[in-house]
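Below is one structure; the comments refer to it alone.
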Amino acid sequence: MVRVLSVFLLASILHGGVYQTNCVACHKTLPVSIDKYFYRYLLKYSSEKDVKAAMYHYLQNPSKKKSVMAEAFISRFGVKQKSKLTNKQLQKALNVYWNRYKVFGRLR
């Protein structure tokens with residue numbers, strides 16, 4: 001039984017867990033792929049620390065002022081609702097998101 005739970009836990013971690021279940025599932029309904037949001041944050045905030053902090057603060061209390069999306073996008077789709085994830089879940093999701101789309105160390 002412990003072995004089965006360990007395998008399940010490992011599989012959840014490898015497949016993104018909270019990120020896959022909450023972030024990707026919701027973003028699939030939008031016309032802009034989830035990686036495009038990441039690149040907008042990266043262009044504006046540059047470092048891992050600053051990108052994650054900006055995303056965290058936006059997701060905790062979304063506003064038009066904090067958004068990195070274009071005015072036309074916000075006018076058409078609005079500002080997202082506040083995240084229902086716990087602080088710990090949100091940090092985990094942001095770590096998975098960063099590791100999935102970061103460009104540092106991948107460019108040649």
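Every number in this text was worked out from the coordinates using simple rules, so none of it is lab data. Owing to the predicted nature of the structure, the values given are computational and were not obtained by experimental measurement. So basically every Cβ, Gly included, is an ideal-geometry build from the backbone, and we count neighbours across all protein chains shown.
Worth pointing out:
- Each label was represented as a point 7 Å from its Cα along the Cα-to-Cβ direction; for residue 100 and residue 25 these points are 1.3 nm apart.
- Among 39, 19, the order by Cβ neighbours within 10 angstrom, fewest to most, reads 39, 19.
- Cross-link reach list, aspartates and glutamates versus residue 92, counting only Cα pairs under 15 Å and skipping chain neighbours closer than eight places: 48
- Which listed pairs, of 64/84; 28/82; 28/80; 44/80; 65/102, have C-alpha distances above 22 Å, in listed order: 65/102
- Of 40, 100, the sequence from fewest to most neighbouring Cβ atoms within 10 angstrom is 100, 40.
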